[in-house]
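Quick notes on the structure that follows.
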Amino acid sequence: MKRKLVLILCLFMIGFSGYGKTNKKAKTLDVNVIVVIQDPIVNGKRIHETFKTPGYSFQWHDPWQLTREYKAALEEVSHGTVKYNIVEIIDTKEYFTFLRKSGEKLNEDRVVELLQEPDWKTLKEEGAGFDYKAFVEHFGFDKMRDEGKIHEVWVWTFPYGGMWESNMMGEGAFWLNSNPTKDVDCQELLCVMGLNYERDLACALESYGHRFESIMMEVYGWWDFDKKELRSQLTPWELYTAYNGRYDKYNKGMSHIGNIHFPPNGEKDYDWGNKKKVHTYADNWAHFPQVKDENPREIDCSEWNCSHIGYMKWWFSHVPHFAGHNTADGRLNNWWHYVVDYNDAKSKEKK
């Protein structure tokens, strides 16, 4: 009987501290997306099936398959708090890429011609850009966003398609790993993802990660570790992205999650295969916003199979995705909400 009372008391204290269980998951957000695919047919086959990158032998990827994998991966790592509804897949022959030096606007035949050119000489010498304004107006995506029919657009394009990884437009648009597109006739914010099917799913998730970083820095401000001497001065976003080298002055030898390029044990960009062992408080993010420097765990890259795709999924899976508000700063406990519908998330803050 005495042991039973002690056990009940311990369980009560764990629950009271907030560290005995994870927080309640946020409600699922339905996000409508239109997918645009630029994958010309040459001699009866898509270019992703037959074209190669000069100097390499690897096969490009099927953008239809990538779309399915991208949707599934984002829903998985958000713990089901985001559900992507693919409204339509547009297999287009319309192109909005232009050569930067000459200003030449490309059509499908010209794209194929340039990609068949030895060493992609013209594309490399001139560089490419993308006319986002003409793109959204041609398909009516600006109006569809204001009418609530869609939230964002994914574009699977060819190498040198000229697109940024992510771009935002609409009233109040801000930096989204690129300068916002101006003079677009939509009031609501519209995000356009530029994805390259020469690359794999891991690269597509990394592009989404840079979008995530840009938006969370709009929410909490840019990283400012150099000017902040105390851990208590760090924003939740700075704490989340703190890796071993960045966190030393606050807690020697410790880390939290890291950023998209630097894992908890990262020593350089893209350091996803680093076998160096460090201690991290990553597990404590299951209790956000009550994240404490307690009960660290030693890890190395084996935590995410020392792979690019593994780290992308590991990083996203720790993102706060919980119901309610952070009483310390008034922000939402579900950071995914800001990323998929920034204006709606900001309005929820006020409520």
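The values are calculated or read from the model by the stated rules, or taken from the named source; none is laboratory data. Owing to the predicted nature of the structure, the values given are computational and were not obtained by experimental measurement. Heads up, the Cβs are rebuilt from the backbone with ideal geometry, glycines too, and the neighbour counts pull from every protein chain shown.
Looking at the structure I just gave you, is residue 98 over 20 Å from residue 209 (Cα atoms) and either in a helix (DSSP H, G or I) or of a type in the set (Val, Ile, Thr) (or both)? Considered against the rule, which asks whether it is over 20 Å from residue 209 (Cα atoms) and either in a helix (DSSP H, G or I) or of a type in the set (Val, Ile, Thr) (or both), residue 98 comes out as no. Considering only residues that are among the hydrophobic types (A, V, I, L, M, F, W, C) and touching a His at 6+ places or on another chain (Cβ under 9 Å), look in segment 252-270 and name the one that is nearest to residue 238 (Cα to Cα). The residue in question is 257. Which of the residues that make up segment 182-209 are touching a Lys or Arg at 6+ places or on another chain (Cβ under 6 Å) and either in contact (Cβ under 8 Å) with a residue 60 or more places away in the chain or under 30 Å from residue 48 (Cα atoms) (or both)? Once the filter is applied, which keeps residues that are touching a Lys or Arg at 6+ places or on another chain (Cβ under 6 Å) and either in contact (Cβ under 8 Å) with a residue 60 or more places away in the chain or under 30 Å from residue 48 (Cα atoms) (or both), segment 182-209 yields 188, 190. Could you give me the residue pairs with C-beta distances under 6 Å whose first residue belongs to segment 267-284 and is aromatic (Phe, Trp, Tyr), whose second residue is surrounded by 12 or more Cβ atoms within 10 Å (Cβ to Cβ) and not in a loop (DSSP other than H, G, I, E, B) wherever it lies, and which are 6+ apart or on separate chains? Short answer, once both residue conditions are applied: 272/308; 272/311.
The set of residues in segment 226-253 that are within 25 Å of residue 275 (Cα to Cα) and not in a loop (DSSP other than H, G, I, E, B) comprises 238, 239, 240, 244, 245, 246, 247. Taking the listed residues 63, 40, 118, the one that is over 30 Å from residue 188 (Cα atoms) and surrounded by 14 or more Cβ atoms within 10 Å (Cβ to Cβ) is 40, with no other qualifying.
Give the residues of segment 66-79 that are of a type outside the set (Ser, Thr, Tyr), touching a residue at least 12 places away in the same chain (Cβ under 8 Å) and surrounded by 14 or more Cβ atoms within 10 Å (Cβ to Cβ), sorted by residue number. Across segment 66-79, the qualifying residues are 66, 69, 71, 73, 74, 77, 79.
Restricting 165, 198 to those that are over 12 Å from the mean Cα position of the chain (by Cα) and either modelled with pLDDT of 95 or more or of a type in the set (Asp, Glu) (or both) reduces the list to 198. Residue selection: residue 278 fails the criterion of being under 26 Å from residue 160 (Cβ atoms) and β-branched (Val, Ile, Thr).
As for segment 147-161, it holds at least one residue that is more than 25 Å from residue 72 (Cβ to Cβ) and modelled with pLDDT of 95 or more. Checking each residue in segment 273-290 for being within 13 Å of residue 242 (Cα to Cα) and not polar (S, T, N, Q) picks out 278, 279, 281, 282, 285. The residue that is nearest to residue 294 (Cα to Cα), among those in segment 254-273 that are part of a loop (DSSP other than H, G, I, E, B) and among the polar types (S, T, N, Q), is 265.
The residue list 212, 225 contains one member that is free of Cβ contacts under 8 Å to residues at least 40 places away in the same chain and not assigned by TED's automatic domain parsing to the domain that holds residue 144, which is 225. Annotation note: of 294, 303, the sole residue that is of a type outside the set (Val, Ile, Thr) and touching a strand residue (DSSP E or B) at 6+ places or on another chain (Cβ under 9 Å) is 303.
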